[in-house]
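Engineer: Got a structure for you, written out below as structure tokens; questions coming shortly.
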Amino acid sequence: DIIGPPEIDAILKLAAQCFDIVVVDMPQALVTWTETVLTRADVYFVTLELDMRSAQNAMRFQNALQSEGLPMDKLNFVLNRAPSRTDLTGRSRVNRLAETLDVNIATLLPNGGRAVTQAGDNGAPLAEVASKNGLRREIQKLCRGLHKALLSDSAMAS
């Protein structure tokens, strides 16, 4: 509540002038400047988990955006702590979640296990603690996709 939409807009403009990619870690709750970030964003990642509370929060978020007439096409849904590829029951739960929310869950981030906790506790990058961790590989894949999209957008603008 210390800052509002005009201040966030100014920060985002400055960041966009200085950097090719700007990442904003949004709070879980909707704030007065959520609309500002959403309208300026090229992509807005909505992080979900495979539980009822997360699904309800995602539905509330979608309903809030729709009621305000905000863009839904920028939303990309990411499932955190996704079940493994071999967990068929978990995969069917992911499909039901996507159907219930009427969304496409394009990114499935696996549970990184103890390595993620250890990296966080030690303040070390996951790449140093566990370079072959599945979560790290999925994050890299997501980043490569964003980078490729950025390059294609800049090529189209030229």
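The values are calculated or read from the model by the stated rules, or taken from the named source; none is laboratory data. Values in this document were obtained by computation on a predicted structure and should not be read as measured data. For neighbour counting, all protein chains shown are included, and Cβ atoms are generated from backbone atoms with ideal geometry for every residue, glycine included. Heads up: the accessible areas ignore ligands, DNA and RNA and are worked out on the full protein's heavy atoms, side chains in. Shrake-Rupley method; radii C 1.70, N 1.55, O 1.52, S 1.80 Å.
Here's the yes/no breakdown for (1) within 19 Å of Arg53 (Cβ to Cβ); (2) open to solvent by less than 90 Å² (accessible area, probe 1.4 Å); (3) of a type in the set (A, V, I, L, M, F, W, C):
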| position | (1), (2), (3) |
| --- | --- |
| Arg85 | no, no, no |
| Leu88 | no, no, yes |
| Val94 | yes, yes, yes |
| Ile105 | yes, yes, yes |
| Gly112 | no, yes, no |
| Ala115 | no, yes, yes |
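Engineer: Conditions first: (1) part of a helix (DSSP H, G or I); (2) open to solvent by less than 60 Å² (accessible area, probe 1.4 Å). Pro71 passes all but one, so which condition is the exception?
Structural biologist: (1)
Engineer: Could you tell me which residue of region 31-55 is surrounded by the most Cβ atoms within 10 Å (Cβ to Cβ), considering only residues that are among the β-branched types (Val, Ile, Thr), assigned to a loop (DSSP other than H, G, I, E, B) and more than 14 Å from the chain's Cα centre (by Cα)? Full working, then the answer.
Structural biologist: Kept after step one, since they are among the β-branched types (Val, Ile, Thr), are these residues of region 31-55: 31-32, 34, 36-37, 39, 43, 46-47.
When the remaining residues are screened for being assigned to a loop (DSSP other than H, G, I, E, B), the result is 31-32, 43.
Of the ones still in play, those that are also more than 14 Å from the chain's Cα centre (by Cα) are 31-32.
On the way: Val31: 16, Thr32: 11.
This residue is Val31.
Engineer: Taking region 19-30, which residues are open to solvent by 80 Å² or more (accessible area, probe 1.4 Å) and either part of a helix (DSSP H, G or I) or of a type in the set (Val, Ile, Thr) (or both)?
Structural biologist: Residues of region 19-30 open to solvent by 80 Å² or more (accessible area, probe 1.4 Å): 19-21, 23, 25, 28, 30.
If the condition is that a residue be open to solvent by 80 Å² or more (accessible area, probe 1.4 Å) and either part of a helix (DSSP H, G or I) or of a type in the set (Val, Ile, Thr) (or both), then Ile21, Val23 are the ones that fit.
Engineer: Contact list please: Cβ distance under 7 Å, first residue in region 9-32 and free of Cβ contacts under 8 Å to residues at least 60 places away in the same chain, second residue small (Gly, Ala, Ser), pairs at least six apart or on different chains.
Structural biologist: Hits for this filter: Val22/Ala15; Val22/Ala16; Leu30/Ala64; Thr32/Gly4.
Engineer: With Ala64, Ala58, Ala16 as the choices, which residue is more than 27 Å from Lys148 (Cβ to Cβ) and not in a loop (DSSP other than H, G, I, E, B)?
Structural biologist: On the way: Ala58 fails: more than 27 Å from Lys148 (Cβ to Cβ); Ala16 fails: more than 27 Å from Lys148 (Cβ to Cβ).
Within the list Ala64, Ala58, Ala16, the selection yields Ala64.
Engineer: If I ask for residues that are out of contact with any Ser or Thr (no Cβ under 9 Å at 6 or more places or on another chain) and touching a residue at least 40 places away in the same chain (Cβ under 8 Å), which ones from region 63-101 would you list?
Structural biologist: Arg93, Val94, Thr100, Leu101
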